[in-house]
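Below: the structure, in structure tokens.
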Amino acid sequence: MSGLSTLKELKEFGYLGKEKAYEVVVTNTNKIADMCEKMSPIADYKATPHIEGCEQTIRDITMNRAHELYGENLPEIVQARIDKELDSIIKNGFSVMYIIAQKLVKKSNEDGYLVGSRGSVGSSFVANMTGITEVNSLIPHYRCPNCKYSDFSDFGVKNGFDLPDKICPECGHRLDKDGMDIPFETFLGFDGDKEPDIDLNFSGEYQSKAHRYTEVIFGKGTTFKAGTIGTIADKTAFGYVKKYYEERHQIVNSAEILRESVGCTGIKRTTGQHPGGIIVVPMGNEIYEFCPVQHPADDPNSNIITTHFDYHSIDQNLLKLDILGHDDPTVIRMLQDLTGIDPQTIPLDDKETMSIFCSTDALGVTKDQIHSEVGTFGVPEFGTKFVRGMLVDTKPTKFEELLRISGLSHGTDVWLNNAQTLINEGTIKLEEAICTRDDIMIYLIKQGLPPKPSFKIMESVRKGKGLTEEQEALMRENNVPDWYITSCKKIKYMFPKAHAAAYVTMAFRIAWFKVHIPRAYYTAFYSVRADGFDSEIMAHGKERVLAKMREIDAMGNTAAAKDKDMYPILEIVLEMYERGYNFTNIDLYKSDATKFIMEEDGIRPPLNSIPGLGTVAAQSIQASREKDGKFMSIEELKLRAGIGKSTIELLKAAGIKTHY
């Protein structure tokens, strides 16, 4: 096969004459190419796994749950939403994806771990009825758990948990409140034919079990970890080129190094595995029809097998499940174990819990004591300095407002230099701001725009593509204000409301424990989220904590990364001390290796919270004491636990009695 260009080939055959040379070089070679059958080294069709009877199963599960909640004769709004969704799901072959997710979530729940939904799956009412998500996407409404009475009247609120308490007019039972008002279109598209992407947050403790359960569902040898490809970044490429010339003692200016590094950027450097991606190959097919397989990082000793191609190269061919690990379900499970309280029974309209998002009163401390105007330290989604600033600006008092703040905080160019400015200038209120992608479609339809153009505008804005001239003109024709159009143009990425709803629901439950059962909350937080906990600094009273905080503050941006990571934990510890709670001493026999223990007198830190004492050594000490009892000498401790002199010194420095 010639490696010459077409022009050079024509020149080579110039002795044949211009017309004949063209026929030989161009015309004939194209004729031969057209005669060849087009082949692909991998399958070019979609191979979706199938579960026998999944279409009827999803219908049965949905209807059974709907009747359980809303009665034998379903309200028209419920029946219509179910019919609309099931029609799209079944007609487009999406039933199997729903049933897979339903089985995974059900198994996790049965094993004691809640599952949080991600992305737009909470937009689907069928997903709620099948147990995939806790988010109910219907409009705000009341329903009676006793007689199944329901009321979908417009009460002027945007979220069911913001409805006032009400007694059932039929039987006198207290009514449940629900409904997040999220359109189905944001999940499966306006025509209901967009392939669903069901992402689920499992407890980090349970994630590996969920991965293994996929093989139980589909059969051995049908599931594989999704592979990833790590590429060379621009700075790394620059370093490679620079080092190349340095090793050869050649002097090259920075501009030339930069020019050459561009050619290296993006080249494959290594392979890995997606943190939660599982590729499913249908029974009857082989993975090799679609993709080679390998060990991550080409490590032949690894027992993990991944796809050789990254998922995006084969997403048109095979199904990927996103089974991700997350801390929130782990924290919730630990809180349930500590208190015996079922987290699903926690009222999401609890006034005291809601109050910590705008003040510190419910915690029994002042803002000066904890250096914060709100009480959300350690509350998922609302504990960072950035989001606490948003809470101070907006002063939320409703569940819907928490969803809006979550949407604003996760978007790009949605809050800063956009909604924040509009709110601070008094142009709009929080309830009017564009906070989640769903807000756009709902607002535009209410303004009089047709549904399909409203959906397309939402899709364009949420992807950061702004507005076309035609879209802007249509918005102005329907009296959409200038500030709204300008806001849309600034947005680069928008969070789905369903994702915000799922996250806020989990966060509110955790916040409830913080307000009502503080010792359990702090115990769970330290155990799961406080990797940087240092008992030497944090477990000896608030003065030492304050001193460390002042030290880090004084260093500013020059503070070490370890200190910056420690600061949020110091804030939580200070708050705990100010609320009147304390730590007990670390004890060789009473302390766990890695988890904090809630006791009557306080919270006992684990062995690995001693600076310098690693988790492996802590676990070895715990295992040996549980197996053979107390240590009679330092030598016995060293021998049985397999630890060295340095670990003994750390224990002594921490004031721990090492033997009897």
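For this structure, a couple of remarks:
- Accessible solvent surface per residue of segment 270-413, calculated while the other protein chains remain in place, 1.4 angstrom probe, Å²: 42 Å²
- Förster radius 56 Å - calculated FRET efficiency between Glu472 and Glu170 (Cβ-Cβ, nearest 0.05): 0.65
- ³J(HN,Hα) computed for each position of segment 585-597 - Karplus, 6.51 cos²θ - 1.76 cosθ + 1.60, integer Hz, glycine/proline x: 6, 5, 10, 4, 9, 9, 6, 6, 5, 10, 10, 6, 10
- Beyond 26 Å in Cα-Cα separation lie the following of the pairs Lys38/Lys463; Lys268/Lys320; Lys627/Lys657; Lys38/Lys194; Lys177/Lys489; Lys91/Lys209: Lys38/Lys463; Lys38/Lys194; Lys177/Lys489; Lys91/Lys209.
- Shape class of segment 447-492 from the alpha-carbon gyration tensor: oblate, with a/c at 1.5 or above and b/c at least as large as a/b.
- Ranked from largest to smallest solvent-accessible area, with a 1.4 Å probe on the protein heavy atoms, Cys291, Cys36 come out as Cys36, Cys291.
- With K and R counted +1 and D and E -1, the other residues having a Cβ less than 12 Å from that of Val216 yield a net charge of +4.
- Taking amide H as placed 1.01 Å from N in the peptide plane, Asn585 has no amide H partner under 5 Å among residues 5 or more places away or on another chain.
- Relative contact order [Cα under 8 Å, 6+ residues apart], segment 440-553, whole percent: 18 percent
- Counting Lys and Arg as +1 and Asp and Glu as -1 over every other residue whose Cβ lies under 9 Å from the Cβ of Val461, the net charge comes to +4.
- Sulfur and carbon atoms: percent of accessible area, segment 532-660 [1.4 Å]: 50 percent
- Counting DSSP beta bridges with both ends in the chain, the antiparallel % (nearest 5): 75 percent
- Comparing Cα centroids, segment 460-478 and segment 296-313 end up 43 angstrom apart.
- FRET efficiency, Arg269 to Phe155 (Cβ-Cβ, R0 51 Å, nearest 0.05): 0.35
- Charge sum, other residues only, whose C-beta stays under 13 Å from Ser95's C-beta, Lys/Arg counted +1 and Asp/Glu -1: -3
- For segment 582-646, GluC sites (Glu not before Pro) meeting the loop criterion (DSSP other than H, G, I, E, B) and having at most 10 other Cβ atoms within 10 Å: Glu600.
- Using 0.36 nm per residue and subtracting the Cα-Cα separation, the extra length available between Ser302 and Met283 on full extension is 4.3 nm.
- Euclidean distance between Cα centres, segment 593-660 to segment 551-569, Å: 29 Å
- Note on Kirkwood radius over Cα pairs in Å: of the candidates (1) 29.2; (2) 25.5; (3) 27.2, the value calculated from this structure sits at (1).
- Segment 133-193-segment 11-51 distance, computed between alpha-carbon centres (Å): 60 Å
- Relative contact order (percent, whole number), the chain, Cα cutoff 8 Å, 6+ residue spacing: 11 percent
- For Arg174, residues with placed amide H under 5 Å, excluding near neighbours: Cys168
- For a paramagnetic label modelled on Tyr493 (point 7 Å from Cα along Cα→Cβ), amide N atoms under 16 Å away belong, within segment 415-431, to 415-416.
- Once both labels are positioned 7 Å from their Cα atoms along Cα-to-Cβ, the gap between Tyr244 and Lys638 label points is 5.3 nm.
- Residues of type lysines that Lys652 reaches as a straight line, Cα spacing below 17 Å, ignoring anything fewer than 8 places off in the same chain: Lys590, Lys630, Lys638
- Of Lys84/Lys395; Lys8/Lys31; Lys465/Lys497, pairs whose Cα-Cα distance is over 26 Å: Lys84/Lys395
- Taking a point 7 Å from the Cα of Glu110 along the Cα-to-Cβ direction, the residues of segment 205-245 with backbone N closer than 16 Å to it are 209-219.
- Unmatched cysteines, the chain - criterion: no other Cβ of a Cys under 4.7 angstrom: Cys36, Cys54, Cys264, Cys291, Cys358, Cys435, Cys488
- The heavy atoms of Trp512 offer some 40 square angstrom of accessible surface to a 1.4 angstrom probe.
- Across the accessible surface of segment 49-147, with the other protein chains kept in place and a 1.4 Å probe, carbon and sulfur atoms take up 43 percent.
- Proximal lysines to Lys564, defined as alpha-carbon separation beneath 16 angstrom and excluding residues fewer than eight positions away on the same chain: Lys385, Lys548
- Take the Cβ atoms of Lys657 and Asp413, set R0 to 51 Å, and the FRET efficiency comes out at 0.35.
- Residue-level accessible surface for His50, protein heavy atoms, 1.4 Å, Å²: 110 Å²
The values are calculated or read from the model by the stated rules, or taken from the named source; none is laboratory data. Predicted, not measured: the structure shown is a model, and the values here were computed from it. Neighbour counts run over all protein chains shown; Cβ positions are idealised from the backbone, glycine included. With ligands, DNA and RNA removed, areas are computed over all heavy atoms of the protein, side chains included. Shrake-Rupley method; radii C 1.70, N 1.55, O 1.52, S 1.80 Å.
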